[in-house]
Amino acid sequence: MASSGRLLLNAGLFQLGWFACVLGAQRPLLLLLALVCLGVHLAWLAEPREWRLLLGVSLIGWLLDSALLQLGLFDFHRPGPLLPAWLALLWPLFASTLRHSLAWSARPWWRASLFGALGGPLSYWAGSQLAGVGLPLGTSTSMLVLALLWALLLPLLQRLSRALI
């Protein structure tokens, strides 16, 4: 498959998987579609050791979102300290884009920082609206916190994507 076709397939799989995850908060069977998207990526698009990147980024993301949950940034309207499955599954899907459809953001570093500051909070906000997640600190405060975090996080994840493969 041509390079541009691979990039489009990666972006499409991520978008389909993203929607399956956030809508899967209310309809858990949709999470199977997200798993299929991840499987297609691994089977057709992933580089030989890319699973290491998906695992490493997922662990970082799970820790970050768990900390944000404990700090009261999110309200999933259910008890417990664990992230819901739909949010946990978003992290390997996101990681699958770093060396593919989001590779353009890797250099210079400020491009990843700017994209992270804008795209990260917007993704969380849209996901919260579709999945019914509360933002107890308020939308503005939550988006500002997420913008600052993602301005730092995406350049670090892009650097990790070069180190792990």
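The values are calculated or read from the model by the stated rules, or taken from the named source; none is laboratory data. All values derive from a computational prediction rather than experimental measurement. Glycine gets a Cβ as well: all are built from the backbone with ideal geometry, and neighbour counts include every protein chain shown.
Some points to look at:
- Of all the listed residues (Val40, Val22), the sole one being aliphatic (A, V, I, L, M), touching a residue at least 40 places away in the same chain (Cβ under 8 Å), out of contact with any Asp or Glu (no Cβ under 6 Å at 6 or more places or on another chain) and in a helix (DSSP H, G or I) is Val22.
- Test: residue in the range 135-144 that is part of a helix (DSSP H, G or I), under 16 Å from the mean Cα position of the chain (by Cα) and farther than 30 Å from Pro48 by Cβ: yes
- Against the numbered list (1) crowded, with 16+ Cβ neighbours inside 10 Å; (2) within 14 Å of the chain's Cα centre (by Cα), Ser113 comes up short only at (2).
- Of the residues Pro81, Pro121, Pro108, the single one that is crowded, with 20+ Cβ neighbours inside 10 Å and without any contact (Cβ under 8 Å) to a residue 40 or more places away in the chain is Pro121.
- The single condition from (1) surrounded by fewer than 20 Cβ atoms within 10 Å (Cβ to Cβ); (2) modelled with pLDDT of 95 or more; (3) small (Gly, Ala, Ser); (4) in a helix (DSSP H, G or I) that Gly72 fails is (4).
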